[in-house]
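Notes to accompany the following structure.
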Amino acid sequence: MKINFNYKELTLREVTDFWIMVFNSVLYYLLALFTVLVLSNLFSLLSGHYNNFQGRLFYYGFVIKPIDAYWSDDDIALIFIFGTMFALLSAIFFERVYKWIRKYKYHIKLYFFWSYILSIVWFVSNIIVGSYSSFSVGAVMSSLHLPMAVRIIISFVFMFLLLLLGRISRKHVLISSSMYLKYLHSDKNIWFHN
């Protein structure tokens, strides 16, 4: 997909509409980011609370520790795998809601679009980063004593998956962008194509 854009040829009305669209999109992006991070971390925290863990939720993550000061391998897997898997399930949910609502004129569909994209990125990036460190799923990989060669293969598989999902999601981007392009009053200035 290539974007051609010539900002100098826009009228004052088009420039105003352009900045309103940018503000609107950034606002929905930030709201979706907050939603995805809080829901995923809250699910991890609740699954830990189920196994007698104490924790505290922040907008960027969580802190959790066992009441008896003992981390079993099952506890690590439960908290970190299921929290990451919840991001995948929420991505599927947000994508289905977006597909259902995208034919309507409501701008809230942009929120569901961003939530879908960010949930996918959160799921895949937790596995990629965790393959090289003890972050999130990496703690489970460390508790399973996976060799680094296997972890690298897992990270490359998920990098390919991220690229594939980005390729699949192009249609959603085109549909969302066409919602805004009609407000720019001029089809000679901005267009999307493959």
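The values are calculated or read from the model by the stated rules, or taken from the named source; none is laboratory data. Because the structure is predicted, anything quoted here is derived from the model rather than measured. Cβ atoms come from the backbone with ideal geometry, glycine included; neighbour counts cover every protein chain shown.
Inside segment 58-79, residues that are β-branched (Val, Ile, Thr), in a loop (DSSP other than H, G, I, E, B) and either in contact with a Pro (Cβ under 6 Å, 6 or more places away or on another chain) or under 14 Å from Phe43 (Cα atoms) (or both) make up a count of 0. For segment 66-91, the set of residues classified as modelled with pLDDT of 85 or more, within 18 Å of Val140 (Cβ to Cβ) and polar (S, T, N, Q) consists of Thr84 only.
Out of the residues in segment 65-84 that are of a type in the set (A, V, I, L, M, F, W, C) and loosely packed, with under 15 Cβ neighbours inside 10 Å, which is nearest to Phe34 (Cα to Cα)? Going through the qualifying residues, I end up with Ile67.
Condition test on Phe94, is it closer than 21 Å to Phe158 by Cα, at pLDDT below 90, among the hydrophobic types (A, V, I, L, M, F, W, C) and in a helix (DSSP H, G or I)?
Working: closer than 21 Å to Phe158 by Cα: yes; at pLDDT below 90: no; among the hydrophobic types (A, V, I, L, M, F, W, C): yes; in a helix (DSSP H, G or I): yes.
Against the criterion (closer than 21 Å to Phe158 by Cα, at pLDDT below 90, among the hydrophobic types (A, V, I, L, M, F, W, C) and in a helix (DSSP H, G or I)), Phe94 does not qualify.
Within segment 131-146, being out of contact with any Phe, Trp or Tyr (no Cβ under 8 Å at 6 or more places or on another chain) and either acidic (Asp, Glu) or assigned to a helix (DSSP H, G or I) (or both) holds for Tyr132, Met141, Ser142, Ser143. Hey, can you tell me all the residues within segment 31-64 that are surrounded by 12 or more Cβ atoms within 10 Å (Cβ to Cβ), in contact with a strand residue (DSSP E or B) (Cβ under 7 Å, 6 or more places away or on another chain) and of a type outside the set (A, V, I, L, M)? Matches in segment 31-64: Asn41, Ser44, Gly48, His49, Phe53, Gln54, Gly55, Phe62. Quick check: anything in segment 80-98 within 20 Å of Leu46 (Cα to Cα), aliphatic (A, V, I, L, M) and in contact with a strand residue (DSSP E or B) (Cβ under 9 Å, 6 or more places away or on another chain)? So far as segment 80-98 goes, no, none of its residues is within 20 Å of Leu46 (Cα to Cα), aliphatic (A, V, I, L, M) and in contact with a strand residue (DSSP E or B) (Cβ under 9 Å, 6 or more places away or on another chain). State which residue is surrounded by the fewest Cβ atoms within 10 Å (Cβ to Cβ) when the search covers only segment 97-150 and only residues that are under 11 Å from Thr84 (Cα atoms) and of a type in the set (Ser, Thr, Tyr). Ranking the qualifying residues of segment 97-150, first place goes to Ser125. The lone criterion from (1) of a type in the set (Ser, Thr, Tyr); (2) at pLDDT 80 or above; (3) assigned to a helix (DSSP H, G or I) left unmet by Ser178 is number (2).
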